[in-house]
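Colleague: Pasting a structure here, questions to come.
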Amino acid sequence: MGLFSNFKKKKPEDTRQEAKEELEKFDSTIRPGGVFMVQLLMKEKCDVPTAEGMTEILSKHLGKVEAFGDQNKEKGFFSFAAWDYQSEFSDAKVPVQLSIMGCEPFQADRIDEMKRSQMWNCQEDRDRILSECKYAVTSVDMLGGGLKAQIRANMLMDYLEALLELYPTCEAVYSLNSGKLILADTIRSGQVKGLDRFIQYCVNARFFNINGTNDHVVDTLGLSLLYIEDLQYHFHDMDPNWVVGHAYSMASYILSNDCPIKNGDTIDGIADGRIVQDIQWKCCFEDALIGPKRPVLDVCMGEYAAGERQ
C-alpha cells in the first residue's frame, strides 16, 4: 500500500488550505487539541531547503519521517508523515502530519497591542524583533490531537528544534497558540530538557491589572493544545512575579503527571515567594475571565483571592 493511500482524508492541497484558514482565525478561537502553529521570524527572506534536506533533518529529530504529495519548492509548502507518532481516532490510526510553508512576508501588524504587552520573555527585544523581522516560515502539525499529552508535547518540541536547524537565520519563534515570543537562540542553547521545553517555549503566562480595582489576573495560554485546561489566578496583594512562577511550576507539574488535579482539589500555595505545603489553595474548573473564551483551572489563593467563586 502506498503512502498517499493512508491520507485519503488529508490531501496536501487540503492541508495547505486548512493551514491557511487556521492562520486566519488563530487569534479568535481556542480549540482544545487543535493545530500547533509557530512562525519562525527572520530579518531577510531565506532559501527554502529541499524536501530531501527537510526529510533528513526531521528524521534526525523525530524518527521515521517521509515526504508525501507534491513537494514543489515553488509552491512553498511541504508535507511530511511522522511515522513514529500515530494518532488514534475512532475510525483510524494515522501518522501525524507536519507541514512547512515557504518563507513569506511577516505580518507583524496582525499582532495587536494586547498580545505585544504579554510577550514577557522578550520584553527587551520585542519591538526590535517585530520591526526588523520582515519574513516568516509558518509551520504546523495536523492530526496531532490524537496523541497523548506528553507524547505530543515532546514531539512538537523535537519538531521545533528540527525547524531551527533547518532555518539557521531564524531570529525568534512566535507561537500562534499562546502568543509567546522567544528568541531562537534560547531554544538552540538546549538548556531546557524534556517536557519542560513545551512549558517554557509554548505556554505563555499572562498578567493583567483589573481597571478600577487593586485586583490582578495571571493566566496561561497554550496548555489546551494538549487537552489540558489552562490556569487562572484572580488575586490581590501578592507580587505578580511570584504568581507567574507558580503558574509555570503548576503547568509543568500537571503535564508531567498526566493532569492529576480534579475539581475541588487543593495545591500548595505561596509564602514569601516560595511554594509551601502548609498553605493550600483550592482549584475549580471555570470559564476564563479574560479571552479567548475557554475553560480554565481557577486557583483560589486563600486570603489573596479576588472576585466571587462558587
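Colleague: Name the residues in the stretch 272-286 that are open to solvent by less than 60 Å² (accessible area, probe 1.4 Å) and among the hydrophobic types (A, V, I, L, M, F, W, C), would you?
Modeller: Listed by number, the residues that qualify are Val276, Ile279, Trp281, Cys283, Cys284.
Colleague: Which ones in the stretch 50-71 are surrounded by 14 or more Cβ atoms within 10 Å (Cβ to Cβ), in a helix (DSSP H, G or I) and in contact (Cβ under 8 Å) with a residue 60 or more places away in the chain?
Modeller: Met54, Ile57, Leu58, His61, Leu62
Colleague: Just checking, how many residues over the stretch 246-271 are small (Gly, Ala, Ser), in a helix (DSSP H, G or I) and either open to solvent by 40 Å² or more (accessible area, probe 1.4 Å) or more than 22 Å from Leu181 (Cα to Cα) (or both)? Steps first, please.
Modeller: Start the filter on the stretch 246-271 by keeping residues that are small (Gly, Ala, Ser), which leaves 247, 249, 251-252, 256, 264, 269, 271.
Still in the list and also in a helix (DSSP H, G or I): 247, 249, 251-252, 256.
Still in the running and either open to solvent by 40 Å² or more (accessible area, probe 1.4 Å) or more than 22 Å from Leu181 (Cα to Cα) (or both): 249, 256.
Looking only at that region, the number is 2.
Colleague: Right, something else. Quick one: what pairs do we get from the stretch 112-135, first residue within 16 Å of Asp185 (Cα to Cα), second open to solvent by 80 Å² or more (accessible area, probe 1.4 Å) and basic (Lys, Arg), C-beta under 8 Å, 6+ apart or different chains?
Modeller: Cys133/Lys43
Colleague: What residue, of Ala149, Ala108, is under 18 Å from the mean Cα position of the chain (by Cα) and within 28 Å of Gly291 (Cα to Cα)? Spell out how you get there, then give the answer.
Modeller: Values: Ala108 fails: under 18 Å from the mean Cα position of the chain (by Cα).
So the residue among Ala149, Ala108 that is under 18 Å from the mean Cα position of the chain (by Cα) and within 28 Å of Gly291 (Cα to Cα) is Ala149.
Colleague: From the set of residues in the stretch 203-214 that are crowded, with 17+ Cβ neighbours inside 10 Å and out of contact with any helix residue (DSSP H, G or I) (no Cβ under 7 Å at 6 or more places or on another chain), which is nearest to Lys180 (Cα to Cα)?
Modeller: Asn204
Colleague: If you don't mind, another one. Of all residues in the stretch 104-137, which are assigned to a strand (DSSP E or B) and either farther than 30 Å from Lys64 by Cα or open to solvent by 10 Å² or more (accessible area, probe 1.4 Å) (or both)?
Modeller: Glu104, Pro105, Tyr135, listed by residue number.
Colleague: Which residue, of Val243, Val296, is within 25 Å of the chain's Cα centre (by Cα), of a type in the set (Val, Ile, Thr) and outside any helix (DSSP H, G or I)?
Modeller: Val296
Colleague: Going by the structure shown, is Gly76 at pLDDT below 85 and open to solvent by less than 30 Å² (accessible area, probe 1.4 Å)?
Modeller: yes
Colleague: If you don't mind, another one. Could you check how many residues of the stretch 105-149 are touching a Leu at 6+ places or on another chain (Cβ under 8 Å) and hydroxyl-bearing (Ser, Thr, Tyr)?
Modeller: Summing the residues that are touching a Leu at 6+ places or on another chain (Cβ under 8 Å) and hydroxyl-bearing (Ser, Thr, Tyr) in the stretch 105-149 gives 3.
Colleague: Out of the residues in the stretch 215-240 that are assigned to a loop (DSSP other than H, G, I, E, B) and among the hydrophobic types (A, V, I, L, M, F, W, C), state the one that is surrounded by the most Cβ atoms within 10 Å (Cβ to Cβ). Can you show your working first?
Modeller: Looking only at the stretch 215-240, we keep the residues that are assigned to a loop (DSSP other than H, G, I, E, B), and these are 215, 222, 227-229, 236-239.
Within this subset, residues satisfying the condition of being among the hydrophobic types (A, V, I, L, M, F, W, C) are 228, 238.
Numbers: Ile228: 22, Met238: 18.
Step by step, filter the stretch 215-240, then rank; the result is Ile228.
Colleague: Which residue out of Val217, Val203, Val137 is more than 28 Å from Pro105 (Cα to Cα) and either modelled with pLDDT of 95 or more or of a type in the set (D, E, K, R) (or both)?
Modeller: Going through Val217, Val203, Val137 in turn, just one is more than 28 Å from Pro105 (Cα to Cα) and either modelled with pLDDT of 95 or more or of a type in the set (D, E, K, R) (or both): Val217.
Colleague: Here are the criteria: (1) under 24 Å from Val137 (Cβ atoms); (2) in contact (Cβ under 8 Å) with a residue 12 or more places away in the chain; (3) assigned to a helix (DSSP H, G or I). Tell me which single one Gly179 does not satisfy.
Modeller: Condition (3) is where Gly179 drops out.
The values are calculated or read from the model by the stated rules, or taken from the named source; none is laboratory data. Nothing here was measured: the structure is a model prediction, and the numbers come from that model. Quick reminder, even Gly has a Cβ in these numbers, built from the backbone with ideal geometry, and neighbours come from all protein chains shown. For the accessible areas, the whole protein counts, side chains as well, though only heavy atoms, and no ligand, DNA or RNA atoms are used. Shrake-Rupley method; radii C 1.70, N 1.55, O 1.52, S 1.80 Å.
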